[in-house]
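Just below is one structure, and these are the notes that go with it.
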Amino acid sequence: MNEKETISSFENYLHKITTSLIDYSPKLISALLILIVGLYAIKFINRMIRKLMQKRGFDPTLTQFLEDIFLWAMRILLFVTFISKLGIETSSFVAILGAAGLAVGLSLQGSLSNFAGGMLIIMFKPFRVGHTIEAQGVTGTVREIQIFVTKLTNANNQTIFVPNGILSNGTIINYSMEGNRRADLVFSVSHDTNIKTAKEILMTVMQNNPTVLKNPEPTVIVKNLTDSSVQLAVRPWATLEDFFQMSSDVLEECKEAFEKAGIVVQPYVREASVVRK
């Protein structure tokens, strides 16, 4: 092939490429316009949805979660529209995407269970951030409700992550939902002790403690009679902030009051039944 034929061949290729680009340019321009307008529209709609949910008082965790779902759903839809406008066949792409989604779903069954549990917790609100709860054998203050796990901090300042799947399906004790909390303290005294006097001493201690609430009123009852002692149940109420300090103070003050009155607190004795032959 001589030089003239090479130049002619190159010109033909260049002409074909130029013609193809000119013919394809309307599709490319319209696809790019759709992509640019779509990205701005998604951003605008996402902002409007966020403001609407905040105005309606939606939970912040639920708001963020719904925002993320909407954002990715709209992005996927925009991408499919974009490649379809370019003339690329989308049926095979959708089939591949569906197969990939099924494979991921099967491999992440546990995570999907936690995801569903997180949705239930966010929607039905058995607890909120800042509440103290007991569940799955642990007790702590809720610091964050994530999509897959709930983050707790216990009294030792240890961080505990509880999967939402088992958390939503198990028993949850919420110590913060009602506002105030009652302590159940037990003192054991001998059978020789005047029960009425002992109860009056315990009531006086609770009435003089500033962290013990007046309403609901504290109570003292006889909880049990054992072979070695009379068990008195002391039940003072306190706010959530004062509960642990109040429980400690009442225990200490009740013991000191008993010592001044000459009442001996009996040690705990485990009762056992003996079968005689």
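Any read-out appearing in this document is the output of simple, stated calculations on the displayed coordinates, not a laboratory observation. Predicted model only: the values in this text are computed from it and were never measured. Here the Cβ positions follow ideal geometry from the backbone for every residue, glycine too, while neighbour counts run over all protein chains shown.
In whole Hz, with x marking every Gly and Pro, tabulate ³J(HN,Hα) for segment 114-124 from phi via Karplus 6.51 cos²θ - 1.76 cosθ + 1.60, θ = phi - 60°.
5, 4, 5, x, x, 4, 5, 5, 5, 6, 8
What pairs from 55/85; 151/214; 43/85; 125/223 go past 31 Å between their alpha carbons? Walk me through the numbers before you get to the answer.
Numbers: 55/85 37 Å; 151/214 34 Å; 43/85 21 Å; 125/223 35 Å.
Correct reply: 55/85; 151/214; 125/223.
Along the positive direction of the dipole of segment 122-277 (beta-carbon charges: Lys, Arg +1; Asp, Glu -1; about the Cα centre), which of 202, 139, 190 reaches farthest?
139
So for segment 155-246, taking the charge dipole from beta-carbon charges (+1 Lys/Arg, -1 Asp/Glu), which of 243, 220, 170 sits furthest toward the positive end?
The Cα lying farthest towards the positive end belongs to 220.
Taking every pair of Cα atoms in segment 201-267, average 1/r, invert it to obtain the Kirkwood radius, and report Rg/Rh to two decimals. Kindly include the intermediate steps, with their values, before the conclusion.
Values: Rg = 12.4 Å, Rh = 12.6 Å.
Ratio of gyration radius to Kirkwood radius: 0.98.
Which value, in debye to the nearest 20, describes the size of the charge dipole of segment 180-261 about its Cα centre when Lys and Arg Cβ atoms bear +1, Asp and Glu Cβ atoms bear -1, and nothing else is charged?
Values: 9 positive and 12 negative charges, 58 e Å.
For this selection, approximately 280 debye.
So between residue 222 and residue 259, what do we pick up on full extension, going 0.36 nm a residue minus the alpha carbon distance? Walk me through the numbers before you get to the answer.
Working: separation 37, 0.36 × 37 = 13.32 nm, distance 1.97 nm.
Contour length minus the Cα-Cα distance gives 11.3 nm.
Which percent of Cα-Cα pairs in segment 107-157 sits in each 5 Å bin, short to long?
5, 20, 28, 24, 14, 7, 2, 0
If only Cα atoms are counted, what is the Rg of segment 128-277, and what is its Dmax, in Å?
According to the Cα coordinates of segment 128-277, Rg and Dmax are 19.5, 61 Å.
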